[in-house]
Amino acid sequence: MIRALVLAVTTSLLLVACSGGGAGKLTENAVYGQNLPPPDPTRAVVGAEEYRVGPMDKLDVAVYQAPELTREVQVDAAGQIGMPLIGSFPVAGKTVPEIREDITVRLKARYLKSPEVTVSVKEFASQKVTVDGSVTQPGVYPLMGKTTLVQSIAMARGVNAQANEKKVAVFRMVNNQRMVAVFDLNMIRTGRMDDPQIFPNDVIFVDRSGAKTLWRDVISSVPIMSMFVPVL
């Protein structure tokens, strides 16, 4: 019964996606050509104009004329970094300028009169997107600032010769529930469909031309009832 229901929902998704005729609601949790809501706040710190540091990112911190304070530091699982003299303090969710100002204030309060601090992100470890399916180089890629669907696929070296560009799915957790939207890359490139913003932990899946069971295989890899609301 459940299997038949899921197949019916999947079939309706594919029929609408193949039509290419504007945006429309497919199921309560699957939409075609429409942006999904932003993800849960704890899952997305890249949504702002500037990159916001997260756990396991690596930072380069330099203090002018203070080589003992110049070093590479990694944000720990609690979102903190540790430095000589000023100890540990939180940086997760902050931008690079905010972290630089924080370090400057802490050093100036006790140790240096006019510290000149520079901070840069050396390794983006916390903000990633998964690009899978019919792309040249499937994998997990870092998000460095605001990134769209087309840009994310470009990070995977673009689609391959077997790709069905009319059916590109974006999976996202919203309110602790997995949601999916389907996009047409050709319509995005010609300006007939918005190029949606991609957030950390999104999963992008590019369909394969002529693959009748591919979408069913994708569905079987995630919890069924968290992905689609039953349509009776």
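Strictly over 19 Å apart at the Cα level, which of LYS58/LYS94; LYS58/LYS113; LYS58/LYS128; LYS58/LYS108; LYS94/LYS122; LYS122/LYS146 would you flag in this model? Pairs exceeding the cut-off: LYS58/LYS113; LYS58/LYS108. With each label modelled as a point 7 angstrom along the Cα→C-beta vector, the LYS58-ASN186 pair spans 4.3 nm.
Peptides 115-121, 81-87, ordered by how many other C-beta atoms sit within 10 Å of their residues on average, highest first, read 115-121, 81-87.
Whole-Hz Karplus values for the range 97-113 come out as x, 5, 5, 4, 5, 4, 5, 4, 5, 5, 5, 5, 5, 10, 10, 10, 6 Hz, taken residue by residue from phi with 6.51 cos²θ - 1.76 cosθ + 1.60 and θ = phi - 60°; glycine and proline positions read x.
Rounded if a/c is under 1.5, else prolate if a/b is larger than b/c, else oblate: which is the range 58-123, with a ≥ b ≥ c the root eigenvalues of its Cα gyration tensor? It comes out prolate by the Cα gyration axes.
FYI, it's all coordinate maths here, none of it is from the lab. Remember, predicted model here, so these are calculated numbers, not experimental data. Every residue, glycine as well, gets a Cβ built from its backbone with ideal geometry; the counts of neighbours run over all protein chains shown.
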